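A quick write-up on the structure given underneath.
The values are calculated or read from the model by the stated rules, or taken from the named source; none is laboratory data. In this text, all values refer to a predicted model and were calculated from it rather than measured experimentally. Reconstructed Cβ throughout: ideal geometry from the backbone, glycine too, with neighbour counts over all protein chains shown. These area figures cover heavy atoms from the full protein model, side chains too; ligands, DNA and RNA do not enter into them. Shrake-Rupley method; radii C 1.70, N 1.55, O 1.52, S 1.80 Å.
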Amino acid sequence: QVQLVESGGGLVQPGGSLRLSCAASASSIRIYNMGWYRQAPGEQRELVATITRFGSTDYAHSVRGRFTNSRDNAKNTVFLQMNSLKPEDTAVYYCTAKYGTLAYWGQGAEVTVSS
């Protein structure tokens with residue numbers, strides 16, 4: 001069992017930045033492919049960014065060039081740096097850890113982009 005705890009959400013003005021963190025309880029997250037999903041009010045959950053256990057990243061088209069996903073295996077933490085935020089980025093952001101058929105989710109961090 002892996003527990004994931006997101007932090008760093010909040011209210012930010014359009015064009016601003018936030019950095020989400022996801023701390024994992026596992027002894028090591030090295031084996032896990034990590035990712036971020038988000039769910040806006042009334043919308044389906046969507047994949048935002050992934051980072052494999054080898055460090056390869058991929059992003060949804062809507063955030064490419066603005067968001068950066070990274071991981072620090074020594075600290076069992078992954079990060080989502082979000083720049084040039086837009087109102088449409090408003091959502092609850094969830095961290096995930098996946099290995100084979102196993103998948104773990106955090107409780108979510110709320111991000112609101114509004115003036």
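Is it true that some residue in segment 77-86 is touching a Pro at 6+ places or on another chain (Cβ under 8 Å) and more than 21 Å from Ala24 (Cα to Cα)?
yes
Mind listing whichever residues of segment 46-64 are farther than 18 Å from Gln81 by Cα and surrounded by 13 or more Cβ atoms within 10 Å (Cβ to Cβ)?
The one that is farther than 18 Å from Gln81 by Cα and surrounded by 13 or more Cβ atoms within 10 Å (Cβ to Cβ): Arg53.
Just one of (1) touching a residue at least 40 places away in the same chain (Cβ under 8 Å); (2) hydrophobic (A, V, I, L, M, F, W, C); (3) open to solvent by 40 Å² or more (accessible area, probe 1.4 Å) trips up Ala103, so point out which.
For Ala103, the exception is condition (1).
Within segment 67-88, which residues are within 24 Å of Leu4 (Cα to Cα), among the charged types (D, E, K, R) and outside any strand (DSSP E or B)?
Lys75, the sole residue that qualifies.
With the structure loaded, tell me whether Pro14 is closer than 21 Å to Ser114 by Cα and surrounded by fewer than 13 Cβ atoms within 10 Å (Cβ to Cβ) or whether it fails that test.
no
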